[in-house]
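Please read the structure below before turning to the comments.
The values are calculated or read from the model by the stated rules, or taken from the named source; none is laboratory data. The model shown is predicted, which means the values in this text are computed figures rather than measured ones. Methodologically, a virtual Cβ is constructed for each residue, glycine included, from the backbone with ideal geometry; neighbour enumeration extends over all protein chains shown.
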Amino acid sequence: MHFYATLLADGLLQPCAEARGLDAPPAAPVPGQCWIVGDSPAGAWAGSAGALALWTVGGWRFAAPREGMAVWIAEEGLVARHVSGAWRVGAVAAAQLVIDGEQVVGPREAAIDEPDGGDVVDGEARAAIEAILQALRAHGLIDAG
């Protein structure tokens with residue numbers, strides 16, 4: 001009983017799923033392995049769509065996802081988070097990005113106007129500025145404007 005409880009605690013406190021979206025259980029699971037069940041489960045997983053399926057020495061154990069629950073998906077090397085009734089993979093929500101104690105990305109700022117006018121137009125400088133603006137927009141750091 002103690003081993004079973006330890007497996008469940010490990011599987012739910014720091015969940016690491018082998019993969020997600022499977023509708024049928026794997027053929028040879030190892031105790032402690034976990035999967036995120038697909039949308040149309042069959043066999044031993046029937047009726048457990050979207051749940052965490054944890055294999056134990058006593059068979060399959062299922063845990064319904066809770067809002068905000070995060071699971072590492074080993075196959076993809078990404079985190080899946082359960083948000084608004086669905087698993088979202090690889091999406092990160094944050095107010096800012098801090099690296100080595102320094103904020104490098106914060107909330108999105110207003111759009112920056114394209115370069116325009118001036119007495120002397122430097123084509124290379126304008127092209128460089130436009131490329132920088134395009135990159136900032138592509139990364140979502142400024143609005144398209």
**Complete:** Taking first residues from the range 20-37 that are buried (at least 16 other Cβ atoms within 10 Å of the Cβ) and second residues anywhere that are of a type in the set (S, T, N, Q), the pairs with Cβ under 6 Å that are 6 or more apart or on different chains are 37/48
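Just checking, which of 80, 111, 128 is assigned by TED's automatic domain parsing to the domain that holds residue 49, of a type in the set (Gly, Ala, Ser) and surrounded by 12 or more Cβ atoms within 10 Å (Cβ to Cβ)?
Details: 111 fails: assigned by TED's automatic domain parsing to the domain that holds residue 49; 128 fails: assigned by TED's automatic domain parsing to the domain that holds residue 49.
Answer to the check: 80.
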**Asked** of a type outside the set (D, E, K, R), outside the structural domain of residue 25 (by TED's automatic domain parsing) and either in contact with a strand residue (DSSP E or B) (Cβ under 7 Å, 6 or more places away or on another chain) or over 30 Å from residue 27 (Cα atoms) (or both): does that describe residue 63?
**Response** no
**Prompt:** In the set 84, 48, which member is polar (S, T, N, Q) and under 16 Å from the mean Cα position of the chain (by Cα)?
**Reply:** 84
